[in-house]
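What follows is a set of notes on a single structure, which appears directly below.
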Amino acid sequence: MDIESTTQLNKADFFSHWGIFLKALPSNSKSKMINVTMSIKKIGQDDPNRVIHSLKMGIALTLVSLLYYLRPLYDGFGLAGIYVVLTVVTVFEFTVGATLNKGLNGGCATLLAGALGFGGQHLAIVFGERGEPFVLGTLVFILAAGSTFFRFFPKIKERYDYGVVTFIFTFCLVTVSGYRVEQLFELVYQRLSTVLIGTATCMVISILVCPVWAGEDLHKLVASNIEKLANYLEGFEGEYFQCLDDKEKTEKSVLQGYKSVLNSKKDEELLANLAWWEPGHGGFRLRHPWKQYLKIGELARECGFKIETLNTILDDTEIQASLKFKSKIQESCTKMSSESSNAFKAISSSIKTMTDPSAAKYHIDNSKTAIEDLKIALETVSLEQGELLARIPVAAVATILKEITMSVEKIYESVSELSHLAHFKSIEPNVSPEKPVVMDIDNADHIEITIQDISTNSPEKENAPSPESTQCLQLEIVVIRE
């Protein structure tokens, strides 16, 4: 009796569980569909080029599929036409540089491997029917082992890895298949022609249909990283020397943007390698100095790690610094951070617009002046024994700010070198012609006039004009009355 009642209860629980599941199934399915739809929408909104790339891939595969769909083309290639489809799937990449990298590597490797395989096959025939497989096996071993070893060379791994893999695959295909195929030349011809058709299709569509340039992405990435460093330094004063209200605390996420700079090395190196394959486009010439971007990125990461150290000190609120000591160095520290931020913004703007970064020089000179003021402030403040421990973190902050200021100058020099190598546009001061000045001098004995013509080529010059962009004309009129 107990066993029967237990069985009935288990059945009741089973049907009850499934009843609840089926009842909630419509609402759960709806919520999952909404989540999937929102995820798809977010991916497309984050980068619309992803949608365009998907459409371009569909167009490329549709075009090469005609080798199978159209009878005349199928008769010319036969089953080898499937290699065209496989080539498009493996070669077509997101950026033009990546597509050209794989396309040119794959085409050259296929041509070389086909020629060597065809020659190796004829060489093996000389040794007779029994010696032919041993000769072919020896050639496969030597070339496959040697090519695989060359893949460990950093330069080859970086730029020609896909070509080496394609070479091994094609050579083995020709030599191994050619042992059982009588019309070897036809096999080599079909393999080479299908690869070239697929590669050419990918390259043409990638370049002509809404191209995504790796060089342009690298250019924007480096400028964006420098701007993120500027955003942190801009908010430093409010973080350290002032008490923020709740409204300002919600904007702290902007100050954390520098952390993405610390992990950008891999992306920069990849984009620089792909940009090396791209032809000249836009403001980027054929031999654009892509390696200089890596140098700038490395300096930006060094500055980012210094900011990380500074941020760690700011987060350690257990050590209360002396307010009196803080007030002594606040002005110089604030000036260093604000001028460094303005310099970074000017540098970032010059990279984005591909113009000379000379506007940042004015802010760098001001930050150097702030360093001297800080040295004087630290020397004049008396070190009382009771406040020594409280002053250590403040002195550390001042020291790190000084190092950051020096890093700004290094980045400026590197960007100036990029400007010279890439032939960035020079900003010429806009000097307006002299205009007659009409004034009432009846009641004046001494009049001094200063005319300033300030060029506004970048928003950073609104704060203070740089010496390079300012033309001053000073007139002194002395009126002598009789």
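Given a Förster distance of 41 angstrom, what is the FRET efficiency for Lys42 paired with Ile313, based on the Cβ-Cβ distance and rounded to 0.05? Once rounded, the FRET efficiency stands at 0.70.
Considering only protein heavy atoms, what is the solvent-accessible area of Lys291 at a probe of 1.4 Å, reported in Å² to the nearest 10? Roughly 140 Å² of Lys291 is accessible to a 1.4 Å probe. Computed with a 1.4 Å probe on the full set of protein chains, the accessible area for Asp267 sits at about 80 Å². Shown are Tyr69, Tyr412, whose ranking by accessible area with a 1.4 Å probe and every protein chain present, most to least, is Tyr69, Tyr412.
Pairs Lys265/Lys375; Lys56/Lys425; Lys32/Lys266; Lys102/Lys266; Lys41/Lys155: which are spaced more than 31 Å apart, C-alpha to C-alpha? Display every interim value, and only then the final one.
Working: Lys265/Lys375 35 Å; Lys56/Lys425 35 Å; Lys32/Lys266 35 Å; Lys102/Lys266 19 Å; Lys41/Lys155 39 Å.
Where the Cα-Cα span goes over 31 Å, the pairs concerned are Lys265/Lys375; Lys56/Lys425; Lys32/Lys266; Lys41/Lys155.
Using 0.36 nm per residue and subtracting the Cα-Cα separation, the extra length available between Ile82 and Glu413 on full extension is 113.8 nm. A crude spin-label estimate for the pair Ile376 and Glu186, with each label 7 Å from Cα along the Cβ direction, gives 9.1 nm.
An oblate overall shape is assigned to the stretch 37-171, the ratio a/c of its alpha-carbon gyration tensor axes (a ≥ b ≥ c) being 1.5 or greater and a/b not exceeding b/c. Each label point was placed 7 Å from the Cα along the Cα-to-Cβ direction; for Tyr68 and Leu112 their separation is 3.1 nm. The figure for Arg50 is an accessible area of roughly 110 square angstrom, using a 1.4 Å probe on the protein chains alone.
Summarising the label geometry, the points placed 7 Å from Cα in the beta-carbon direction at Ile156 and Ser260 lie 3.8 nm from one another.
Gain in length, Ala24 to Arg285, computed as 0.36 nm per residue apart minus the alpha-carbon separation, to one decimal in nm?
Computed gain between Ala24 and Arg285 is 87.9 nm.
Counted residue by residue at 0.36 nm each, then reduced by the alpha carbon distance between them, the extension gain from Leu421 to Thr90 reaches 115.6 nm. Sorting 196-204, 274-282 by average packing, meaning the other beta carbons within 10 Å per residue, from highest down gives 196-204, 274-282. Whole-Hz Karplus values for the stretch 131-142 come out as x, 4, x, 5, 5, 5, x, 5, 5, 4, 4, 5 Hz, taken residue by residue from phi with 6.51 cos²θ - 1.76 cosθ + 1.60 and θ = phi - 60°; glycine and proline positions read x. Taking Cβ atoms as reference points and 14 Å as the exclusive limit, the residues near Val164 contribute a net charge of +3, counting Lys and Arg as +1 and Asp and Glu as -1.
The values are calculated or read from the model by the stated rules, or taken from the named source; none is laboratory data. In this text, all values refer to a predicted model and were calculated from it rather than measured experimentally. As a convention, Cβ positions derive from the backbone with ideal geometry for all residues, glycine included, and neighbour counts pool all protein chains shown. The accessibility values were calculated without ligands, DNA or RNA, using every heavy atom of the protein model including side chains. Shrake-Rupley method; radii C 1.70, N 1.55, O 1.52, S 1.80 Å.
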